[in-house]
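What follows is a set of notes on a single structure, which appears directly below.
Where a number appears in this text, it was derived from the coordinates with a stated rule and is not lab data. If you're wondering where the values come from, they're calculated on a predicted model, not measured in any experiment. Positions of Cβ are backbone-derived with ideal geometry, glycine not excepted, and every protein chain shown enters the neighbour counts.
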Protein chains: 2
Amino acid sequence: MAHACKWRLPPRYTRLVTASPSTSPAADRRRDGSLKQAPADAPLRERKKRRTRQALIDAALEQFTQRGFGGVTLDELCDEVEVSKRTFFRNFTSKEDVAMAPLQDFWTAFLEELQISRPDGGPLLELARDALLSAVDRVADEEWAHRTLLSLRLAEQTPSMHAHSLHFCDRTTQAALEILHRRFNLDNRGDPRPRLAADMLVAAFRYALTGWAVQAARTSEPTSARPPAKQELATRFREAVVALPATLTMTVAPRRTNS
Amino acid sequence: MAHACKWRLPPRYTRLVTASPSTSPAADRRRDGSLKQAPADAPLRERKKRRTRQALIDAALEQFTQRGFGGVTLDELCDEVEVSKRTFFRNFTSKEDVAMAPLQDFWTAFLEELQISRPDGGPLLELARDALLSAVDRVADEEWAHRTLLSLRLAEQTPSMHAHSLHFCDRTTQAALEILHRRFNLDNRGDPRPRLAADMLVAAFRYALTGWAVQAARTSEPTSARPPAKQELATRFREAVVALPATLTMTVAPRRTNS
DNA sequence: GCATTTATGCCACTCAGTGGCACATGCCTG
DNA sequence: CAGGCATGTGCCACTGAGTGGCATAAATGC
């Protein structure tokens with residue numbers, strides 16, 4: 001009798017249900033099965049865990065956007081999803097972490113794509129660029145775009161979130177360098193170029209992200225007819241990569257161009 | 001009588017004294033007075049504040065290095081310096097902040113140098129590079145080198161410190177872009193190049209920093225005869241900047257170079 | 001069905017960080 | 001030089017993030 005009272009199904013379990021695979025068709029759609037996307041055939045327990053995780057992410061993005069990052073306590077957030085705070089910290093490392101999940105997913109995908117990339121003797125930057133574009137194509141569906149937009153907007157308002165965002169970027173470049181080192185025997189110690197290349201790529205993508213975010217913010221229509229997000233993002237990223245050589249030679253003169 | 005008892009000079013005030021201008025000759029030495037280095041002629045109150053600030057920084061770096069970042073509570077740190085926790089948070093924004101002070105000082109100096117830089121119509125990257133080199137030359141005395149070394153070592157062990165470190169870098173690039181925009185009318189919206197250039201420069205300097213740190217760590221001698229730190233750092237930074245063009249064209253092939 | 005594993009809830013706790021208020025001290029003016 | 005003003009500091013109470021331990025529920029495997 002005790003357990004029936006104590007461990008009842010929460011009344012506000014609706015959020016979990018709406019975030020479940022039944023109503024979000026894109027969430028569990030897999031491409032080719034080669035990459036661990038969202039195994040719809042996974043054991044029940046794991047799917048349940050993913051649902052609560054996703055519910056926490058969505059609730060966090062919504063609440064933080066509405067009332068500000070600092071205006072929402074973890075207790076409130078956990079109440080909203082009907083989950084204990086302890087469970088929250090088994091899914092995320094910090095309050096910032098939950099709101100950065102979309103970008104973190106992306107960077108993970110990038111590393112996976114880099115892992116399976118095939119070198120053709122061409123420039124390293126192009127190899128990495130294509131891996132990143134593949135990652136965009138794989139994860140950047142409209143749901144991801146929506147969440148990432150909220151996440152980016154929050155990050156630029158919240159210093160601690162921005163810091164964590166940059167931390168992800170950096171850990172990704174570190175991991176990317178290790179992959180390149182393992183697979184292609186690159187020298188990361190004495191040669192600055194691999195690291196610089198990785199940082200350049202990240203810089204280009206961050207530029208693409210911010211530009212994409214402000215453009216999407218201007219387009220008031222939430223989900224209406226609009227060029228797909230992934231295409232927008234990919235285009236901006238390509239432009240930034242193309243601009244890399246010209247960045248080195250760009251000149252600057254005093255404000256009044258005298259002589 | 002109450003105040004004499006309550007506001008006594010703390011017995012362990014020694015740290016404050018050793019950090020005072022009397023025993024640290026380089027700390028208050030000014031170059032040319034054009035930049036707000038460490039005004040030795042400042043009002044007494046401000047000097048006092050600077051002393052406690054510096055004492056907190058040194059104590060933090062020492063304690064964190066000895067017992068780990070997480071192994072030292074702020075209460076312990078403040079007891080060490082005989083300062084209330086409230087005062088700590090008037091000087092620093094967070095626990096991480098105090099340990100990142102050396103690098104933050106550097107970035108501030110960089111922005112100042114960028115502010116007074118004179119464009120000659122040459123590449124933007126060279127302008128920024130020279131500003132950064134000037135900043136190194138200005139702030140990177142041996143004391144700074146020592147503190148920064150501790151700071152870097154802590155940062156790579158402590159994720160939250162690393163995140164804050166990156167946050168500083170990014171805020172610096174933001175500020176640098178604004179300066180460039182104001183002074184040279186650069187377009188930061190439609191043109192990706194200024195931002196990419198700034199990120200490249202930061203990437204080069206971060207590469208220089210890590211290389212410099214591991215090299216300094218290998219050289220066991222703490223303060224003995226050794227090429228001056230600023231020169232080491234400047235050289236590594238120059239190398240990284242020189243390597244930027246080659247980074248764009250660097251190629252990569254499968255591990256076994258078949259055909 | 002029963003044992004094992006895994007996820008969760010709950011409780012108590014530490015500690016970073018904040019606001020308010022009183023007080024001390026350097027600074028400045030009459 | 002006396003007394004007001006501004007500023008820095010200490011103290012106290014408080015919120016909220018994050019952690020560890022333990023009991024329990026539910027999924028899994030037999």
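A label point on B:Gln157, set 7 Å along the Cα-to-Cβ line, lies at 3.8 nm from each of its counterparts in the other copies, closest listed first. A straight line joining the Cα centroids of region A:184-205 and region A:94-172 runs 17 Å. Sorted from nearest, the other copies put their B:Glu76 label points 3.5 nm away, the label point being 7 Å from Cα in the direction of Cβ. For A:Asp191, inter-copy separations between label points set 7 Å beyond Cα along the Cβ vector come to 3.3 nm, shortest first. At the listed q of 0.11, 0.16, 0.18, 0.21 Å⁻¹, the Debye profile of region B:56-155, built from one uniform point per Cα, gives log10 I(q)/I(0) equal to -0.42, -0.73, -0.84, -1.00. Over 31 Å apart at the Cα level, from the set A:Lys95/B:Lys230; A:Lys49/A:Lys230; A:Lys95/B:Lys85; B:Lys48/B:Lys95, are A:Lys95/B:Lys230. Does region B:131-187 come out rounded, prolate or oblate by the C-alpha gyration tensor, with a ≥ b ≥ c the root eigenvalues, rounded set by a/c under 1.5 and, if not, prolate when a/b is larger than b/c and oblate if not? Taking the square roots of the gyration eigenvalues as a ≥ b ≥ c, region B:131-187 is oblate.
Divide the volume of the convex hull around the Cα atoms of region B:100-244 by the residue count and you get 107 Å³ per residue.
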